[in-house]
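Note sheet for the following structure.
The values are calculated or read from the model by the stated rules, or taken from the named source; none is laboratory data. These numbers were taken from a predicted model, which means no experiment stands behind them. When we count neighbours, we look across all protein chains shown, and the Cβ atoms used for this are built from the backbone with ideal geometry, even at glycine.
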Amino acid sequence: MINIHILIVIYDFLNTSIMLIFKKMILIHIMIYYFGIDNIICKTNGTDYEKSSPYEDRIEIINKLFDDGHTICYNSDREQKTGQNQTILLYKQLKDWKCKYTTIKLDILHYDYLIDNNTHTGNNFFTRLNI
């Protein structure tokens, strides 16, 4: 039989841990970030996606945001530009470049920040951080 004191200690531990997680979420204000891929986290010439090369410093910043608990979404319009399936290459590149992310979206976006080469904020996001 489990001792009642052990149950109380376990309950207190879990209760404290859960409260710390909620406090961290409230203090940090978890955000949803959307990042484009081409010419945002990698250098891409036109639609030559196989030769894209990663911007490692930018990926490091995005991975830190992910590690801090923020939602990281990558958005790509590669298939719309080429009319060809780019999904396998895209997932392979993100894995090879060690990108941390929550999801990849190819549909209507809902976000707090949009960092993409089709907006004025694309490269400015990283310039503000002196990168």
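Structure summary
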read-out	value
Looking only at segment 34-48, and only at residues there that are within 18 Å of Ile104 (Cα to Cα) and modelled with pLDDT of 95 or more, the one that is surrounded by the most Cβ atoms within 10 Å (Cβ to Cβ)	Ile41
Those residues of segment 75-97 which are at pLDDT 90 or above and out of contact with any helix residue (DSSP H, G or I) (no Cβ under 7 Å at 6 or more places or on another chain), in sequence order	Ile88, Tyr91, Lys92, Gln93, Leu94, Lys95, Asp96
Selection within segment 51-76 - in contact with a strand residue (DSSP E or B) (Cβ under 8 Å, 6 or more places away or on another chain) and in a loop (DSSP other than H, G, I, E, B)	Ser52, Tyr55, His70, Ser76
Candidates Ile72, Ile88, Ile61, filtered to the one that is assigned by TED's automatic domain parsing to the domain that holds Phe35 and touching a Ser or Thr at 6+ places or on another chain (Cβ under 6 Å)	Ile72
